[in-house]
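Below: the structure, in structure tokens.
Every number in this text was worked out from the coordinates using simple rules, so none of it is lab data. Note that the coordinates shown come from a computational prediction; the quantities given were computed from them, not determined experimentally. In this analysis, Cβ positions are derived from the backbone assuming ideal geometry, glycine residues included, and neighbour counts consider all displayed protein chains.
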Amino acid sequence: MKVLVIGGDGYCGWATALYLSNRGHEVGILDSLVRRHWDNELCIDTLTPIAPIKQRLQRWKDITGKTIDLFIGDITNYEFLSKAMDQFQPDAIVHFGEQRSAPFSMIDREHAVLTQVNNVVGTLNLLYIMKERFPDCHLVKLGTMGEYGTPNIDIEEGYITIEHNGRKDTLPYPKQPGSMYHLSKVHDSHNIHFACRIWGLRATDLNQGIVYGVLTEETGMDEMLINRLDYDGVFGTALNRFCIQAAIGHPLTVYGKGGQTRGFLDIRDTVRCVELAIETPAQPGEFRVFNQFTELFGVGEIASMIQKAGSSMGLKVDVQNFDNPRIEKEEHYFNAKNTNLLDLGLQPHYLSDSLLDSLLNFAIKYKDRVDHDEILPKVTWKR
Ligand code: NAD
Ligand code: USQ
């Protein structure tokens, strides 16, 4: 299959592009490299020394003999995107190409607008090009579990059947996102659903939980193929961040009470989930939603697991409850369904001591690259 990976220079996208290429798909990467630019602007850097995109792709070719096409540009630029699509002629598009940090989107008005324009307009351009010239192409779009928020009832996969005043219907599940970023994903979902209902496009929204880990079979083949691993207070995410904090002897930064429960998954499952979605496409007119996570954990629970794994490696790991910079429930009900991908054949890599060991060892290997000033959160949700 010809698969265009938008955002293929990023954390999930790079791992996915190499995985799909290795599995025999014809892969193209489209990326504006804006994430590298935002890192520079914020004076932050990934834990791992990532090579420039052209060098990464050359090394992939040297090692495997496989070529990945490259399109450098911004999907909010309609002409650029249109040309790239005409040139590549994809059967499926995997869309990771968005501003994905909640704290980044909450810095100020400018960053909220940037996030929503970048994400919503980029996706909208893609939908219009698909409507006009690629109506049969399957869009696999990365959404987020955070679209649902933390309702006091079970979370279904995209839709809920409701009985109201004696009548019954299956409707989009209510959304209560917790940041301007998470809101942008809700707006995307509505736009994509509309494009499927009205224009007959086919799409799968992957409501992904928090991804952890860094190594996949492909990115581990060579130092030049290494993936990014964010640890800073803006782009670093809970589990990855805690492992790096443990490696440098920084107390694990649990925000508030730590009872915030989220869906998590190993990056090796991210790439497999995308493969499952593209291999069994949505039907024309169908807007399919999969909840893409394998396990639920509380943030405090994750910190305790890392404390334990660190101790058994001889690290002294403290866990500290910091003032929560976000406005969110710190103790709540959370029970989300995730059977759609399992039914398609996903065999999860559950969080294990050996994964934590390997991630901690990875963090220790690169710990001299850590900027200690970038660990504590600087962005707040408060007025
Ligand atoms: P990332 O920041 O590492 O990668 C995103 C990539 O998209 C970057 O390389 C960036 O340059 C590119 N990009 C952004 N805007 C673009 C634009 N307008 N045009 C072209 N390229 C653009 O992010 P990630 O962690 O790989 O996340 C990828 C996707 O998965 C995002 O949509 C995110 O919302 C979703 N997701 C991520 C996680 C996670 O834990 N990392 C969890 C759930 C969902
Ligand atoms: N948290 C801490 N300490 C930290 C960092 C985070 O306690 O040092 C808490 C946060 O307050 C929050 C939870 O951990 O309650 C998750 O925060 P996060 O930064 O790990 O994840 P989040 O902001 O939700 O965003 C990340 C990705 C985003 C993706 C989302 C999936 O950056 O792209 O959409 O995870 S989900 O959380 O399921 O919505």
*What number goes with the only condition from (1) over 19 Å from the mean Cα position of the chain (by Cα); (2) free of Cβ contacts under 8 Å to residues at least 40 places away in the same chain; (3) within 16 Å of ligand 2 (Cβ to nearest atom) that R109 does not pass?*
(3)
*Set I160, I192: member being in contact with a strand residue (DSSP E or B) (Cβ under 7 Å, 6 or more places away or on another chain), more than 10 Å from ligand 1 (Cβ to nearest atom) and in a strand (DSSP E or B)*: I160
*Among the residues of segment 230-258, count how many are within 22 Å of K316 (Cβ to Cβ), more than 9 Å from ligand 2 (Cβ to nearest atom) and surrounded by 21 or more Cβ atoms within 10 Å (Cβ to Cβ).*
5
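Listed here are the residues, each with its yes/no results for (1) in contact with a Leu (Cβ under 7 Å, 6 or more places away or on another chain); (2) farther than 21 Å from D232 by Cβ; (3) charged (D, E, K, R).
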site	(1), (2), (3)
V3	yes, yes, no
G10	no, no, no
S21	no, yes, no
G24	no, yes, no
I29	yes, yes, no
D39	no, no, yes
D45	no, no, yes
T48	yes, no, no
T64	no, yes, no
*Here are some residues: T144, T150, T161. Which one is within 11 Å of ligand 2 (Cβ to nearest atom), among the polar types (S, T, N, Q) and out of contact with any Pro (no Cβ under 9 Å at 6 or more places or on another chain)?*
T150
*asked:* I'm told Q260 meets every condition in (1) within 15 Å of ligand 1 (Cβ to nearest atom); (2) without any contact (Cβ under 8 Å) to a residue 40 or more places away in the chain; (3) farther than 30 Å from V5 by Cβ except one. Can you identify the failing condition by its number?
replied: (2)
*Enumerate the helices (runs of 4 or more DSSP H) found wholly within segment 228-330, keeping only those where 1 or more residues are within 23 Å of the chain's Cα centre (by Cα) and among the basic types (K, R).*
238-248, 267-279
